[in-house]
Each structure stands twice: as structure tokens, then as C-alpha cells.
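Undergrad: Structure below; questions to follow.
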Amino acid sequence: MERSAAYGFSAVMRGAFLLSCLLFAAVNRVQRGPYMDEAFHVPQAQAYCQGRFLQWDPMITTLPGLYLVSVGIVKPVAWLCGWTGSVVCSTGMLRFINLLFSAGNLYLLYLLLSKIHQKNKAVSGFQRILSTLTLAMFPTLYFFTFLYYTDPGSVFFTLFAYLMCLYGNHKTSVLLGFCGFMFRQTNIVWTVFCAGNIVAEKLNEAWKTELQKKKDEKISSRKGSFSDWMRILQFLIKYLTSPKNLVTLTALTWPYIILVAGFCVFVFINGGIVVGDRSSHEACLHFPQLFYFLSFTVFFSFPHLVTPSKIKKFLLSLRKHPVQYSLITAISLFLIWKFTYVHKYLLADNRHYTFYVWRKVFQRHELVKYLLVPVYIFSCWSFADTLKSKPIFWILMYFVCLLAVTVPQKLLEFRYFILPFLIYRLNIPFPSLYRQLLELAFYIAVNAITLYVFLNKTFQWPNSDEIQRFMW
């Protein structure tokens with residue numbers, strides 16, 4: 001890191017942490033007690049603080065990573081500072097853990113951007129810092145900095161594992177991936193993603209060699225047509241059925257294989273991926289979740305994905321490949337028809353923004369979910385178009401992980417989209433400075449609105465005296 005960039009990043013990190021502390025104080029001033037899922041997380045962490053490690057709330061569906069880390073930080077700090085009584089492991093103290101994770105995420109995002117785009121000499125230190133700040137302010141993640149939820153810690157350990165993987169420290173990556181798994185079980189998918197980075201690198205090397213032998217075109221120009229995809233599929237089958245190649249890949253990815261094998265043992269013994277309340281978190285083939293994620297990504301990345309040039313390029317693609325797009329449209333309509341699920345939480349809890357998205361958009365008319373197919377197709381095309389600079393097998397590996405982490409979820413919950421969005425956003429080419437500034441301004445505005453609404457626009461349910469607040 002150059003000296004000027006180091007000073008600039010240090011200033012940004014200090015400023016962001018100070019701002020977060022001020023907002024943290026405002027949130028804790030108006031919402032002192034546990035809110036929403038904190039009603040489960042806070043008492044569980046407090047039980048661990050008191051040494052009652054066998055106590056478990058059956059309504060909690062994630063593993064105890066958040067509570068173990070919280071106790072590991074809070075108890076030594078309380079001992080050093082001489083704190084006793086209710087202040088130790090209070091709601092505010094536990095929430096502060098996520099403020100620390102948020103600062104760690106800011107630093108990790110900078111390191112990841114620097115590593116992933118290290119060969120791009122055209123990107124200035126200022127642009128890297130700006131993109132880092134933008135991603136750290138990503139609204140769905142930033143909001144939960146101020147509450148005691150698993151998201152900031154889950155993102156921290158997963159990004160840390162990804163960074164170690166990129167630097168070739170695979171044993172460390174697996175250890176951090178296990179920590180991420182302890183925060184949220186679905187993070188095992190991103191352990192597979194890290195292993196997939198190694199496999200994709202080997203596949204890309206072999207594919208380039210294959211093309212050179214046949215004196216074919218470069219790999220970067222062979223993306224898109226049906227015949228190209230068939231050739232890639234044939235190559236994959238040939239490569240992955242070779243015992244020699246399998247031994248090589250196993251030798252490279254054995255730490256990840258051990259963790260994934262341990263996960264399979266956990267699922268077998270536990271009787272499923274969910275601990276606690278399984279009735280409300282049943283897995284299903286909810287294919288429209290992929291469409292929701294793509295729309296979510298387009299919304300939060302509109303400066304990069306919805307531009308006049310992209311729209312024009314998409315329309316030209318429609319004219320050039322009408323048969324392919326007709327087939328995609330038919331498949332999309334079928335998936336929406338047969339695989340749309342509506343979770344009871346989505347319809348019942350009017351404190352979440354997803355409740356209003358579903359009611360104001362999807363429940364207006366039965367045909368709305370089908371009429372949105374052109375939006376989904378454009379979102380998918382634009383999403384894939386921004387990744388075209390990545391090697392083909394990296395793209396395939398990422399999409400497999402994206403499907404694995406979104407499709408089985410029955411509940412439409414924006415928090416589930418945080419990690420796939422961040423990994424996508426880290427890997428797309430750097431946009432122009434204007435678009436970066438527009439994206440940052442948009443995130444700041446969304447954060448300001450959501451925090452203002454949370455703090456000031458309260459309401460009450462008819463049969464309850466508790467104050468309710470709107471949130472992601």
C-alpha cells in the first residue's frame with residue numbers, strides 16, 4: 001500500500017468508525033432492550049456469559065458462533081476494566097461486538113479489492129478506498145451493525161476465509177470458514193466457493209492448453225454460444241473423470257474436503273442443516289429466489305448494471321438471439337408457476353420491508369409475478385455481462401454456489417443476499433469514478449432513510465403495548 005493510500009484509508013476507516021459509533025449511540029438510546037431476533041440472541045449470549053453453556057433456546061436456528069465470540073471478547077474486557085453486574089453482556093455491550101465486526105469488514109473489503117484487482121494498474125488508490133467504503137456501507141449489511149444479529153460476524157469470517165484462500169493459506173481459510181459456519185450454516189457454501197477457486201484455476205489452465213492444442217480462439221472470445229457451452233461441458237466431464245486430475249485436485253483442496261465432510265456428518269447427526277426451530281426453515285426448491293436476488297442486485301448496483309449502453313446492448317442481444325431468449329422466458333415462467341413459495345413470516349410480519357415489497361408488488365395481481373420476467377431476464381443478462389472478464393470456470397463455480405445458497409430458502413429475506421452480493425461486487429471490474437460516487441451517494445441515502453425510519457417512525461400492534469419499528 002502506497003503511503004498516500006495508507007494515510008487515506010486510515011482516515012476513512014477512522015471516520016467510518018466514528019460515524020458508526022454515533023449512530024450506534026442513537027440506536028441504543030431509543031431501543032435499549034432487545035428487538036426482533038435479538039429477543040432470542042441476547043438472552044442466549046447472556047446465558048453463555050453466566051457459564052450456562054448447556055442452555056439453548058430452541059427457537060434459535062443458527063449455531064452458537066456469535067455467542068462464543070461475544071463471551072470471548074466481553075468477559076476479558078470486563079475483567080480488565082473491572083466491570084461487574086448488568087453492564088457485562090448487556091444488550092448494548094453485545095451489540096458493540098458487531099460494531100467491531102463492521103470495522104473488520106471494512107478492512108477486509110479493502111484487502112480483497114486490492115488482491116482481486118492487483119493486476120489492474122489503471123485503478124487508483126482513491127478508487128479502491130472509495131469502493132471499499134461503498135461496500136462497507138452496503139445498506140442491508142450496514143443496518144445490522146447496530147443490532148445483535150449474526151450478519152456482521154458471518155460476513156467477517158467468510159470474507160476473511162476468502163482472502164486467505166486467495167493468498168494460498170488454505171488451512172487458515174478452512175479454519176475461518178468453520179468460524180463462518182458456526183455463525184450461519186449456509187456459509188459452508190462459501191467454503192465450497194473457496195475450494196472452487198482452486199479447482200477453477202486448474203480448469204482454466206487446462207482449458208487454455210486444450211484450446212492451444214486445437215489452435216482455437218482464445219477462451220475470452222468463446223463465451224456464449226450453445227456449441228461453446230457443449231464443448232466446455234465435454235471438457236469438464238473428461239477432466240473430472242480422470243483419476244490423475246482428481247488426485248491432483250484432492251491434494252490441493254483436502255482441507256476444504258475435510259470441512260465439507262464434517263458438515264455432512266453434522267447434517268446426518270442433526271437430521272438437517274437447521275438447529276432449533278426447523279418447522280419455519282424448511283428447505284425447498286424455490287427457484288424464483290434467484291430472480292429476487294438478481295433484481296436485488298440490479299437495484300443496489302444500478303449505476304453499473306442499468307446504463308444506456310447496457311440497455312442498448314441487451315436489446316441488440318434480444319434481436320440477435322430471439323430463439324434463446326424465448327426459451328429462457330418459457331423456462332422462467334414455468335419455474336415461477338411451479339416453484340413460487342410464500343413463507344408465513346413474509347405475510348405475517350409487517351415490520352420487515354419484504355412484507356411491503358410482497359404486498360405492494362406481488363400481491364397486486366396474480367399475473368404480476370409473470371409480468372416481471374423481462375426484468376429478471378435483463379437482470380440476469382446484465383449481471384452475467386459484468387462478470388465476463390472473469391474466467392469461464394470461475395463464473396460457473398460462482399453460479400453453482402449462488403444457486404446453492406439462494407434456491408433452497410423458502411423465506412424471502414434480504415439478509416440472505418448479503419454474501420453473494422458482496423462476492424459478486426468484489427469481482428466485477430472497477431466502474432468509472434462518477435458511477436462509484438453515485439453508488440456511494442445512493443447507499444448513504446438508503447442508510448439515512450432506513451435508520452431514520454427505524455428510529456422515528458414507530459408504531460404499535462393493536463393487541464400489544466410494545467413499540468414496533470421498520471427494518472430490513
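Undergrad: What is the gain in length, in nm to one decimal, between L233 and N350 on full extension, counting 0.36 nm per residue of separation less the C-alpha to C-alpha distance? Intermediate values should be presented prior to the final figure.
TA: Values: separation 117, 0.36 × 117 = 42.12 nm, distance 4.58 nm.
Extra length from L233 to N350 when fully extended: 37.5 nm.
Undergrad: What does the charge add up to near L135, with Lys and Arg as +1, Asp and Glu as -1, over the other residues with Cβ less than 10 Å from its Cβ?
TA: Numbers: positive: R425; negative: E439.
Result for the local shell: 0.
Undergrad: Taking Cα atoms, how many degrees apart are the long axis of helix 151-166 and the longest axis of the chain, rounded to 10 and kept between 0 and 90?
TA: Tilt of helix 151-166: around 40 degrees.
Undergrad: I need the semi-axes of the equivalent ellipsoid of the stretch 249-354: take the C-alpha gyration tensor, multiply each eigenvalue by 5, square-root it, list largest first in whole angstrom.
TA: Sorted largest first and rounded, they come to 35, 24, 16 Å.
Undergrad: Can you give the relative contact order of the chain as a percent, counting alpha carbon pairs under 8 Å and 6+ residues apart?
TA: Values: 481 pairs, mean separation 92.8, N = 472.
Computed value for the chain: 20 percent relative contact order.
Undergrad: Skip the ligands, DNA and RNA, and give the accessible area per residue of the chain with a 1.4 Å probe, whole Å².
TA: Normalised by residue count, the accessible surface of the chain is 49 Å².
Undergrad: Another question, then. Among all cysteines in the chain, which have no other cysteine Cβ under 4.7 Å from their own Cβ?
TA: C21, C81, C179, C264, C284, C380, C401
Undergrad: Please list 361-371, 298-308 highest first by mean number of surrounding beta-carbon atoms within 10 Å per residue.
TA: Per-residue mean Cβ counts within 10 Å order the peptides as 298-308, 361-371.
Undergrad: For the stretch 282-431, what's the relative contact order in percent, using C-alpha pairs closer than 8 Å and at least 6 residues apart?
TA: 47 percent
Undergrad: A further question follows. Order of 315-328, 406-419 by packing, highest average Cβ count within 10 Å first?
TA: Going by the mean number of other Cβ atoms within 10 Å, highest first, we get 406-419, 315-328.
Undergrad: Same structure again: How charged is the neighbourhood of L113? Take every other residue with its Cβ under 13 Å from the Cβ of L113, and add Lys/Arg as +1 and Asp/Glu as -1.
TA: Net charge around L113: +4.
Undergrad: What is the local net charge at P58, summed over the other residues whose Cβ is closer than 11 Å to its Cβ (Lys, Arg +1; Asp, Glu -1)?
TA: Neighbourhood net charge equals -1.
Undergrad: Given charges of +1 on the Cβ of Lys and Arg and -1 on the Cβ of Asp and Glu, with all other atoms neutral, how large is the dipole of the stretch 282-431 about its Cα centre, in debye to the nearest 20?
TA: Taking the Cα centre of the stretch 282-431 as origin, the dipole is about 360 debye.
Undergrad: Size of the dipole of the chain about the Cα centre, Lys and Arg at +1 and Asp and Glu at -1 on the beta carbon, nothing else charged, in debye to 20?
TA: Dipole size: approximately 1460 debye.
Undergrad: Under 5 Å between amide H atoms, partner at least 5 residues away or on a different chain: which partners does D37 have, H built in plane at 1.01 Å?
TA: Answer set, sorted by chain and number: none.
Undergrad: Here is a further query. Which sequence of L111, L285 reflects their accessible areas, 1.4 Å probe, from the largest down?
TA: Per-residue accessible area, sorted high to low, gives L285, L111.
The values are calculated or read from the model by the stated rules, or taken from the named source; none is laboratory data. These numbers come from a predicted model, not from an experiment. Cβ coordinates were reconstructed from backbone atoms using ideal geometry, including for glycine residues, and neighbour counts include every protein chain displayed. Only protein heavy atoms, including side chains, enter the accessible area calculation; ligands, DNA and RNA are left aside. Shrake-Rupley method; radii C 1.70, N 1.55, O 1.52, S 1.80 Å.
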